[in-house]
Amino acid sequence: MRVTAIVGTYRIGGVIDTAVDDLLGAAREAGAETRKIYLIDKKIEFCTNCRTCTQEAGEKRGECIIADEMGSVIDELEASHGIVLASPMNFSTVTAVMKRFMERLICCVYWPWGMKAPKERIPEKEKRAVVVCSSAAPAFMSRMTTPIVGLLKNAAKLLGAKPIGVLFVGLAAGEKNHDIGPKARQRARNLGQKLVSHGGV
């Protein structure tokens, strides 16, 4: 089994990065092969909303006309059984690099001109996904008042994955090198194990 994490943080070694490492570590201990992709390291251009990639029907993703690294990132996700989508909260939503990645997932829908709403290309969610978020505010408050979790879950669904858990680390801005704490670490490990066990390993 392969688990791939898409990380939308700007701070290597920070809260999100630490939580993802704990999660992937538990997945590896359970027998999975893991990969972590930092979006800040990838050349992913802005979607121009030309919708060329949405015009052809079928479960196969549409071909984007932009020549960058987005296609190779999606290739990695398509070859994975488990997906982790992780982003800290910036301005009440995901980071800009995560938002840019998510907008390019329009290739995962069928939406020809004249059709009122898009249709997901992969109706059966055979993969599994975990969402990881953090915020300066308490976790329960951020989850109630912002769309960040829902946005990441929707992205996972477009990639053919069923969300099976959320790790949300609140009060993450108390100090420069914030420790996520033992409860969050254990939650991350539990989700890593759950991701693998639900994948059939």
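Worth pointing out:
- Test: residue in segment 86-105 that is surrounded by 20 or more Cβ atoms within 10 Å (Cβ to Cβ) and among the basic types (Lys, Arg): yes
- Scan of segment 169-196 for residues that are under 24 Å from residue 73 (Cα atoms) and not β-branched (Val, Ile, Thr), ordered by number: 188, 191, 192, 193, 194, 195
- Screening the candidates 9, 34, 54, 18 for the property of being surrounded by 15 or more Cβ atoms within 10 Å (Cβ to Cβ) and under 13 Å from the mean Cα position of the chain (by Cα) yields one hit, 9.
- Complete set of residues in segment 141-152 that are surrounded by fewer than 18 Cβ atoms within 10 Å (Cβ to Cβ) and in contact (Cβ under 8 Å) with a residue 24 or more places away in the chain: 141, 145, 147
- The C-beta contact set for segment 36-55 (first residue over 26 Å from residue 86 (Cβ atoms), second residue in a loop (DSSP other than H, G, I, E, B), distance under 6 angstrom, 6+ apart or interchain) comprises 52/65; 54/62; 54/111; 55/112.
- Any hit, segment 77-89, residues being within 16 Å of residue 7 (Cβ to Cβ) and acidic (Asp, Glu): no
Taken together, the values in this text are just the output of simple stated rules run on the coordinates, not laboratory data. Being a predicted model, the structure only gives us computed values, none of them experimental. Ideal geometry is used to build each Cβ from the backbone, glycine not excepted, and the neighbour counts take in all protein chains shown.
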